[in-house]
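Novice: Once you've had a glance at the structure underneath, I'll fire off some questions.
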Amino acid sequence: MDITPGPLLQQINNPQDLKKLTKDQLLQVSEELRQYIIDVVSVHGGHFGASLGVVELSVALHYVFNTPYDQLVWDVGHQAYGHKILTGRRDNFYTNRKYNGLSGFPRRWESEYDSFGVGHSSTSISAALGMAIAAKYKGEDRKSVAIIGDGAMTAGLAFEGMNHAGVADADMLIILNDNCMSIDQNVGALREYLTDITASHTYNKFKDDIWNALGKLPVGKTFTREMASKLEHSIKGFINKSSNLFEALNLRYFGPIDGHNVTKLVDILQDLKKIPGPKLLHILTVKGKGYALAEKDQTKWHAPGLFDKITGEIYKKKFDLPQPPKYQDVFGHTIIELAEKNDKIFGITPAMPSGSSLKFMMEKMPDRALDVGICEQHAVTLSAGMATQGLRVFCNIYSSFMQRAYDQVVHDVAIQNLPVVFCLDRAGLVGEDGATHHGAYDIAYMRCIPNMIVSAPMNEAELRNLMYTAQLDSTEHPFVIRYPRGEGVMPDWKREMQEITIGTGRKLKDGTDIAILTLGHPGNFAAAAIRELRTEGITPAHYDMRFAKPLDEMLLHEVFKKFDKIITVEDGTVTGGFGSAVLEFMAAHGYTANVKILGIPDEVIEHGTPKELQKEAGYDTAAIIEAIRTLSKENVTITFNA
């Protein structure tokens, strides 16, 4: 489908072209840019509401600042579509999030205008401050700008960055994009604080009136700029104490202003360029601005998939037969079942109630399901504190986001041997979100921690069984349950839950040639491979190990005594993962076998559909078939698909 940008946008191949326009033309550019994002995303997919909310800001930033010499750091980055289109990627924007196409987030390898690669939240202030300090050290008149949302501002890293910025004497600007949203509605005291600032019409009008008056006074020996600045601070403290949070951190606070008034944004950004030191500009925007349905239901339209831009109909796949549910929904409904029978159960998620499906429990049991905002470290230690009081907490965090709370997992949970249940959503290759979101490392980084149980279900029934096992009083250790994004394999999934003996696997198929050891959902790829291979007379055995730690040593002794050709399959990194654990067992017990480890190689995997990436990584059904054929014919040594 041919999508043509508007007449002004067609002329903009880089920010230098944008600067050739008059300030009055920026309103039209903004409208054309917004429409182009709507046109492309409706047909090709991607994040939606976030970028619509910062169209005017994107235009104003590139109009005022000398990018890429001046450096813009977008927090998270799913709001950077306008930025990408204005910086030479307009004609390739349709490839956004597609295999071998543009990334859905800023990436340094993609453009010189992407000064910092992102995907996780709350990194922008620290990164931009680092750039500002480097510019000062090198004597460069380079501006650094961090663009951060109010949702990302709740994370501790953002406050650490601001705390340092206030004393670093570096020239940087923080733009706080306040739309009261992350993916779901923002929560916490900071939201209330920003609302207080926004609602303080008395303070903001009085401040403007004072500065207008000061601008008419002569600046001389009796009334200096320093005196004016002191008067400004006194006014802020007197009229509205809530303004003191940022000012107390030594950040000059400006705003709040309308983030959809592009000419006003240009004016204030030009003024702020001239003011040295750390500054914060508070702008108010609407997520999904310009598309009525996205403004009305901002969570739904964060990343809606393909849709009809006229009617707003979101296209859904149509199936003739019942389809399996998403693992996320199985978690969401199962935790309610468990909580109805066990009053010790709580659910906690850091800002992902919809994505993790904890929203179901939040609706039905609001006093026992908590969204703590974008605060993974807090979520883990909060869970630990609750566990000390006998509660059984299911802490649901995306696998890649759990990396942000690793110290808390070790220090606050594992060392104290607290039975927190970590449900690691989006484990494995997640697809179009790409490298920053892949859940590649959790098997490796969790199984090396003492006291930790690490498990992965092959299907929905096994997920329910593992959740049931994890909440039992007899389970006395921290318990990881990792599962992938998206659909499982069982339309008829709601079966009676059963306890699984921790550290036990199961033999699914007898065989005589080769043993396949799988962990988690990729066991279904192996099952499909075995069905095809048996038509060729190759009869592999299949073991669903279920636990990467503790391993089922009885089952492994059986395998190594019977087979000298073994393949392991996992949707985690091959370095230090489940396959590595099998090799460690083999070495510790003096076995010798030809072992091939299939999983995510020791390299950065970019974006694409899960099937495309599983094929690239070499652990899909076709890759398993090829590995078995090769191993059955040749004598090979221990190999990795890295």
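Novice: Would you calculate a helix-derived [θ] at 222 nm for the chain, using -39,500 (n - 2.57) for each DSSP H run of n ≥ 4 and dividing by the full residue count, to the nearest 500?
Specialist: Computed ellipticity for the chain at 222 nm equals -11000 deg cm²/dmol.
Novice: Continuing with this model, one more query. Among the lysines, which fall within straight-line cross-link reach of LYS309, defined as a Cα-Cα distance under 28 Å, with same-chain neighbours fewer than 8 residues apart omitted?
Specialist: Of all the lysines, those that pass the test against LYS309 - Cα under 28 Å, at least 8 places apart if same chain - are LYS84, LYS98, LYS287, LYS289, LYS296, LYS300, LYS317, LYS318, LYS326, LYS359, LYS611.
Novice: Quick one: order THR436, THR154, THR263 by neighbouring beta-carbon count within 10 Å, fewest to most.
Specialist: THR263, THR436, THR154
Novice: Oh, and also: If we count every other residue with Cβ under 10 angstrom of ASN177's Cβ, Lys/Arg +1 and Asp/Glu -1, where does the sum land?
Specialist: Counting the neighbours of ASN177, the net charge comes to -2.
Novice: Of all beta bridges DSSP finds with both residues in region 327-482, what is the antiparallel percent, to the nearest 5?
Specialist: Details: 1 of 20 bridges.
Among the beta bridges of region 327-482, antiparallel pairing accounts for roughly 5 percent.
Novice: Using only Cα atoms and rounding to the nearest 10 degrees, what angle (0 to 90) does helix 460-470 make with the longest principal axis of the chain?
Specialist: On a 0 to 90 degree scale, this one is about 80.
Novice: Same structure again: If Lys and Arg each add +1 and Asp and Glu each add -1, what is the summed charge of the other residues whose beta carbon sits under 12 Å from the beta carbon of LYS549?
Specialist: Working: positive: ARG447, ARG482, ARG546; negative: ASP442, ASP552, GLU553, GLU584.
Once positives and negatives cancel, what remains is -1.
Novice: Sticking with this one: Out of all DSSP beta bridges with both ends in the chain, state the antiparallel percent to the nearest 5.
Specialist: In the chain, approximately 15 percent of DSSP beta bridges are antiparallel ones.
Novice: Among MET554, MET458, MET452, what is the fewest-to-most ranking by other Cβ atoms within 10 Å?
Specialist: MET554, MET452, MET458
Novice: With only alpha-carbon atoms counted, please give the Rg and Dmax of region 371-447, in Å.
Specialist: 12.5, 40
Novice: Computed over the Cα atoms of region 50-178, what is the ratio Rg over Rh, Rh following Kirkwood?
Specialist: Values: Rg = 14.2 Å, Rh = 14.8 Å.
Using only Cα positions, Rg/Rh for region 50-178 is 0.96.
Novice: Something else now. Could you tell me the ratio Rg/Rh of region 327-482? Both radii from Cα atoms, Rh via Kirkwood.
Specialist: A ratio of 0.92.
Novice: Further question: Any idea what angle helix 26-44 forms with the longest principal axis of the chain, computed on alpha-carbon atoms, 0 to 90 degrees, nearest 10?
Specialist: That works out to roughly 10 degrees.
Novice: While we're looking at this one, here's another question. Give me the one-decimal Kirkwood hydrodynamic radius in Å for the chain, with the sum taken over alpha-carbon pairs.
Specialist: 26.7 Å
Novice: OK, next. Would you kindly calculate the mean projected area, averaged across all directions, of the convex hull enclosing the Cα atoms of region 339-387, in square nanometres?
Specialist: Projected area, direction-averaged: 3.3 nm².
Novice: Amide H of ILE345 versus every other amide H placed in the peptide plane: which residues, excluding those fewer than 5 positions away on the same chain, fall under 5 Å?
Specialist: Excluding prolines and chain starts, which carry no amide H, the hits are ARG392.
Every number here is computed from the coordinates shown, using simple stated rules; none is lab data. These numbers come from a predicted model, not from an experiment. Every residue, glycine among them, receives a Cβ derived from its backbone with ideal geometry; neighbour counts consider all protein chains shown.
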